[in-house]
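**Q** The following block contains the structure, expressed as structure tokens.
A short reminder: the numbers here are calculations on the coordinates, not readings from a lab. Model, not experiment: these values are computed from the prediction. Methodologically, a virtual Cβ is constructed for each residue, glycine included, from the backbone with ideal geometry; neighbour enumeration extends over all protein chains shown.
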Amino acid sequence: MVEAPQEKFPDLSGLTLLVVDDEPGIVRSLERVFTGLGAEVTGVGSIREARLQVADRSPDALLADLQLKDGTGLELLPEYLQRNPAGAFYTHRT
């Protein structure tokens with residue numbers, strides 16, 4: 001019998017992550033994946049909502065869609081890095 005190799009997934013326990021996308025299905029999917037890996041995930045659908053979350057919670061990492069209905073995810077970069085200089089910031093295009 002041949003055994004399948006064990007895949008190692010990262011343990012994101014203790015990581016706070018903000019997901020920003022104006023497509024609710026993408027937000028829900030990313031929330032499920034990252035929560036399943038142990039992260040504390042907050043999902044929002046706009047730049048406005050993301051700014052409120054960054055000001056209130058300053059997450060460890062931010063994953064933002066490049067094109068949102070109310071702007072671009074890159075607009076969040078200066079505010080995010082000002083509050084969390086060691087944070088991780090990623091954009092994606094959907």
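**Q** Using helices alone, what [θ] at 222 nm do you get for the chain, with -39,500 (n - 2.57) per DSSP H run of 4 or more residues, divided over all residues and rounded to the nearest 500?
**A** For the chain, the value works out to -10000 deg cm²/dmol.
**Q** Which distance in nm do the two modelled labels at Leu81 and Arg32 give, with both placed 7 Å along the Cα-to-Cβ direction?
**A** 3.4
**Q** Taking the Cβ of Val27 as the centre, find all other residues whose Cβ is under 11 Å away and add up their charges (Lys, Arg: +1; Asp, Glu: -1).
**A** Values: positive: Arg28, Arg32; negative: Asp21, Asp22, Glu23, Glu31, Glu49, Asp65.
Summing Lys/Arg as +1 and Asp/Glu as -1 gives -4.
**Q** Using a simple spin-label model with points 7 Å from Cα along the Cα→Cβ vector, what separation in nm is obtained for Glu49 and Lys69?
**A** 1.0
**Q** Specify the longest stretch of the chain that does not include any exposed loop site, a site being one of the trypsin sites (Lys or Arg not before Pro) with a non-H, G, I, E, B DSSP assignment and at most 15 other Cβ atoms within 10 Å. Walk me through the numbers on the way to the answer.
**A** Values: sites that count: Lys8, Lys69, Arg93.
The reported range is 9-68.
**Q** Test of understanding: what is the full-extension gain from His92 to Glu23, defined as 0.36 nm times their sequence separation minus their Cα-Cα distance?
**A** 23.6 nm
**Q** Using the Cα centre of region 16-92 as the reference point, and only Cβ charges (+1 on K/R, -1 on D/E), how large is the resulting charge dipole? Debye, rounded to the nearest 20.
**A** Roughly 100 debye, rounded to the nearest 20.
**Q** Once both axes come from the Cα atoms, what is the angle between helix 47-57 and the longest principal axis of the chain, in degrees from 0 to 90, rounded to 10?
**A** In the chain, helix 47-57 runs at an angle near 80 degrees to the longest axis.
**Q** Filter the GluC sites (Glu not before Pro) in the chain down to the DSSP loop ones having no more than 15 other Cβ atoms within 10 Å, then list what survives.
**A** Glu3, Glu7
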